[in-house]
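K.L.:
Below is the structure I would like to discuss, written out as structure tokens.
The values are calculated or read from the model by the stated rules, or taken from the named source; none is laboratory data. Because the structure is predicted, anything quoted here is derived from the model rather than measured. Because the Cβ atoms are built from the backbone with ideal geometry, glycine has one as well, and the counts that use them run over all protein chains shown. Only protein heavy atoms, including side chains, enter the accessible area calculation; ligands, DNA and RNA are left aside. Shrake-Rupley method; radii C 1.70, N 1.55, O 1.52, S 1.80 Å.
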Amino acid sequence: MWEPQWTSFATRYRLLRCDFAGFGRTPIDRLPVTPAQDVVNLLDELDISSAGVVGASMGGRVALELAVARPDLVQTLVLEDAGLPGVNWSEAVRAYGAAEDKAVARGDLEAATEINLRMWVDGPRRAVADVDPEVRAAVGEMQRQALELQAPYWERLDEDPLVPDIAERLGEVQAPTLVLVGEEDVEDMHALAERFATEIPRARLARIPGAAHMPNLEQPGAFDKLVLEFLADALG
């Protein structure tokens, strides 16, 4: 999902990207999964003592855990349409989750993938025809692959978070933080973005037009400009 930035950021920074367990090319080899601790272990293994951490959706929540548990590792923080545990989700998001669960339970991963695309790529106000078909196809491929890895564990897929109460500890984030949200994303994500911008001490918020849950893929030019300017200012 970071393929556009793998080119545009490479002239200025050393880049590292990783698949969480159950995503991309990383299978689930144990339960519960530990995405935040896995990132810490990877940074330690590569002897990276400090980084600008960019996370989207679930990755944004993982990045927040890193920023609280290991502030020494997180020099700057970028949160793109990031989530939080324990949120009182809207009826629309709860209905999406229930529909996804039913599709996976009956083994229909194509339907589950399409449910994800309608919710997170198309967004609540756009038709399929309004979305770049190449972006939709790319996300569909990624999501289908993730579902194939996760489906065998779906009913018992659990996570051991590094910071279980991260939603109550946003004020502990020390790093300069850029909060991004796609204008076409669901209202829940806008509310979360505003919360991050309010509760994280050194945070600022920007909205990206023409994008839903994955602005870095839908609007890479706008995303890159905001993030690269932020990193240049924060990192010097």
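K.L.:
What Kirkwood Rh does the chain have if only Cα atoms enter the pairwise 1/r average? Answer in Å.
P.N.:
About 18.2 Å, per the Kirkwood formula over Cα pairs.
K.L.:
Roughly how much of Ser8 is accessible, in Å² to the nearest 10, using a 1.4 Å probe?
P.N.:
Approximately 40 Å² of Ser8 is accessible to the 1.4 Å probe.
K.L.:
Want the number for Arg106 to Arg169: 0.36 nm per residue separation, take away the alpha-carbon distance, what's left?
P.N.:
18.9 nm
K.L.:
Let me know the volume per residue of the alpha-carbon convex hull for the range 24-163, in Å³.
P.N.:
131 Å³
K.L.:
Next question, about the same structure. Give the longest segment of the chain that steers clear of trypsin sites (Lys or Arg not before Pro) in DSSP loops with at most 11 neighbouring Cβ atoms within 10 Å, not counting the sites themselves.
P.N.:
The answer is 126-236.
K.L.:
Per DSSP helix of 4 or more residues, -39500 (n - 2.57); summed, then divided by the residues of the chain. What does that give at 222 nm, rounded to the nearest 500?
P.N.:
-13500 deg cm²/dmol
K.L.:
Continuing with the same structure: Using modelled backbone amide H atoms (1.01 Å from N, in-plane), which distant-in-sequence or interchain residues come within less than 5 Å of Ala51's amide H?
P.N.:
When sequence neighbours closer than 5 places are left aside, the close amide H contacts are Val74, Gln75, Thr76.
K.L.:
Could I ask something else about it? Excluding ligands and nucleic acids, what accessible area in Å² is computed for Asp47 using a 1.4 Å probe, to the nearest 10?
P.N.:
130 Å²
K.L.:
Continuing with this model, one more query. Could you do me a favour and compute the accessible area per residue for the chain, 1.4 Å probe, result in Å²?
P.N.:
Per residue, the chain has 49 Å² of solvent-accessible surface.
K.L.:
Using the basic label-point model (7 angstrom from Cα toward the beta carbon), what is the Glu199 to Trp6 distance in nanometres?
P.N.:
Between Glu199 and Trp6, the label points sit 3.4 nm apart.
K.L.:
So, with a 1.4 angstrom probe, what is the percent of accessible area on the range 31-114 that is carbon and sulfur?
P.N.:
51 percent
K.L.:
For the range 31-86, what is the relative contact order in percent, using Cα pairs closer than 8 Å and at least 6 residues apart in sequence?
P.N.:
The normalised contact order for the range 31-86 reaches 37 percent.
K.L.:
Quote to one decimal, in nm, the extra length available between Ala138 and Trp154 on full extension: 0.36 nm per residue of separation minus the C-alpha distance between them.
P.N.:
3.5 nm is the gain from fully extending Ala138 to Trp154.
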